[in-house]
Amino acid sequence: MRRRGYEFRNKLTLLFFFISLFPLSTFARQFVLVLSKEDLEDIGTTPSTSIDDGDSSSTTTTTEWDEFSDSEESDNKTEDQLDPGSWRLIFEPDSSFSSSSNYPVLTNNTNLDESRYYSGVRKMIAAVSSGGDPRLMDEAATEIEEAAIDGYPHAQSVLGFLFGTGQLKEKSSAKAFLHHHFASQGNMQSKMALAYTYYRQNMHEKAVKLYAELAEAAVSSFLISKDPVLEPVRIHSGTEENSEGLRKSRGEDNEDFQITEYQAQKGNAGAMYKMGIFYYFGVRGVRRNHAKAFSWFLKAAEKGEPHSMELLGEMYARGAGVERNYTKALGWLTLASKQQHFSAYNGLGYMYVKGYGVEKKNYTKAMEYFEKAAENEDAVGHYNLGLLYLKGIGVKKDVRIACSFFITAASAGQPKAFFQLAKMFHTGIGLKKNLGKATQLYKVVAERGPWTYLSRWALESYLKGEVGKAFILYSRMAELGYEIAQSNAAWILDKYGERSMCMGESGFCTDTERHQRAHALWWQASEQGNEHAAILIGDAYYYGRGTERDYDRAAEAYMHARSQANAQAMFNLGYMHEHGEGVPFDLHLAKRYYDQALLTDPAAKLPVTLALMSLWIRTNYADSFMVDLIDSLPEVYPKVGAWVEDFVLDEGNATILTLCVCLLTVLYFRERQRRNAAAAAADVALQPQPNHHDIH
């Protein structure tokens, strides 16, 4: 047993620990959890017990998911079971339902409500496609409302979405909350929307319970030995489209995909493995297809590719794309481990803990396999060892050691470890009780759940030019608390305007409704750490775009962005201090902000230099006409810009101006040549002539 080595190494965590969590790579901003001595103080004194101790007197509710339990129920749940009411029937009709019909068979009231629900959602999606159709959206809202009145939870969830966004319904946060509350008993996305509502209001006692249930469903969908691969894409970079990110997400039309496919067809094992990854996880815009993934993994494995062997074992163990067969799963995992593919040891350990594909359970052997994985810096290996100590499986229960293993795994980005640390913060067992940190960690895990398919469909729609469909899908995700969806939806509104197919209370959104909705989305994104969103919110208040001009709130938004080291926000705050707008007039503080902007981003050198010149003039020539001239520039600049846009950039005028510039250039150079020639002639004339008397 190598326990002493692990204990010695993990004692370092008792001093001070930073865990950098990367929840969704591009799905959210980087989240940093700081564990201090105070958080860790209970590790050494907590009695050796498990979290689920069966104490009925306990007032804390914990989740029931147990990866190493004897039950096979959690292993057999599909994504549709984990996320009932999924829109997969509409976007991926062949992947979830065995019926050839797109709608359930109508045999009783339940099926009638289900049919109304899916018909309504289908019409809602169609209403924002191909030019938009408010009449069809109205029909969709009617059908969904009829099913909701009958108590169908999934219809109640979508009705809450319509009220929350004000689509063919009067916008009402109260009604949205009420419908989501009733729907949350059977709809996970409504539970997510409620949890996010509580989270925004710092109501951690309510939010933590909902996020705990959502995180439990999420981890139930994770793989045995691999982290879930999620690739949500931010469709914009600042104010511009994220062309590089979108280029890589065009699925089978992407050049990189086609090159990989060509290499795979030529027998390259690594390319075969990549093809399997594309289809198994549905990354780079490729539609998921487990059958194709299995085929490519099998071809790669036959050529000795160990990663593919491991994933074949995973697919056989889960019954994904192939009939479940634990014996074959064990065989492929064993082959992978023999090639020193260390993460495969986790799969083998799992099989021995559960007793799958082996004669009987063997906790000692499972421990050995997990230790081999952990010794080779595999985060899942650390997590699995933590779980053994937490549950007392094959070893004496020890929450202190379990917590140390979870911290090590979490520091490497292992989402299941986030879940276990969240439970510890939630219950106060292993870590000091902290509902705020528990809520944050549960949220990170919950946002990796099966409902993330919405992002994949939204991106697919956007790449096809179906902006309205992409917008409504991102809007749905935004309601669930996904920062990237909030910023994507807001950017579509700002970028595409009427082409976004935004639906308002009585048809297409008015300009005011669009501005207000974009403003609300940017604000939500800024709350979750998106500094670009905070800048846009500040600009909206500063210039009065979509809202009343409010310098105080503009300064507040810029301060929020500045706290995230945003140079633009620093510059804006310097300007506001220079002019006393929303903040006190203070030239010294203005200079400090300008200097900070330059230190943060060297590209700000030109504007900062001009701003510092302005400050120098204000300081030394406070009552001169130059200060009045500087103050008039913000009014003159838009007029000059409008003149350039309306007159200079007009196609006909631009051509004439170009010809004039060319003519003037030619005339300038000819005049310059003439003057140079004249000057040269004058120089020759002025040169002293030789004296004939000197020539002898």
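The values are calculated or read from the model by the stated rules, or taken from the named source; none is laboratory data. No experiment lies behind these values; they were computed from the predicted model shown. Using ideal geometry, Cβ is built from the backbone for each residue, glycine included, and neighbour counts are taken over all protein chains shown. Please note that ligands, DNA and RNA were not included when accessible areas were found on the heavy atoms of the full protein model with its side chains. Shrake-Rupley method; radii C 1.70, N 1.55, O 1.52, S 1.80 Å.
Below is a table of values for the structure above.
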| read-out | value |
| --- | --- |
| Accessible area (Å², 1.4 Å probe, nearest 10) - T334 | 50 |
| Inter-site label distance for D552 and S115 at 7 Å from Cα along Cβ, in nm | 5.8 |
| Protein accessible area in the stretch 223-381, 1.4 Å probe - carbon and sulfur % | 45 |
| Nonlocal amide H pairs with H236, under 5 Å, H built at 1.01 Å | N242 |
| DSSP-loop trypsin sites (Lys or Arg not before Pro) across the stretch 573-626, with at most 13 other Cβ within 10 angstrom | none |
| Rounded accessible area of E244 (nearest 10 Å², 1.4 Å probe) | 90 |
| Gain upon complete extension [E527, T142; 0.36 nm per residue less C-alpha separation] | 135.2 nm |
| Solvent-accessible area per residue for the stretch 549-622 (1.4 angstrom probe, square angstrom) | 56 |
| Area accessible to solvent at D398, 1.4 Å probe radius, in Å² | 30 |
| Computed label-point distance, nm, for sites K396 and E505 using a 7 Å Cα→Cβ extension | 6.8 |
| Stretch gain in nm, segment E323-K266, where the contour uses 0.36 nm per residue and the Cα spacing is subtracted | 17.7 nm |
| Extension gain (nm, one decimal) between T665 and A677, 0.36 nm per residue minus Cα-Cα | 2.5 nm |
| Distance between the stretch 236-290 and the stretch 532-599 - C-alpha centres, whole angstrom | 41 |
| Sulfur and carbon atoms: percent of accessible area, the stretch 549-622 [1.4 Å] | 59 |
| Binned Cα-Cα distance frequencies in the stretch 545-628 - 10 Å width, integer % | 19, 47, 28, 6 |
| 3J(HN,Hα) from dihedral phi, the stretch 404-412, Karplus parametrisation 6.51/-1.76/1.60, rounded to Hz, x for glycine, proline | 4, 5, 5, 5, 4, 5, 5, 5, 9 |
| Solvent-accessible ranking of I535, I149, largest area first, probe 1.4 Å | I149, I535 |
| Of K423/K443; K266/K303; K361/K391; K372/K432, those spanning more than 19 Å from alpha-carbon to alpha-carbon | K372/K432 |
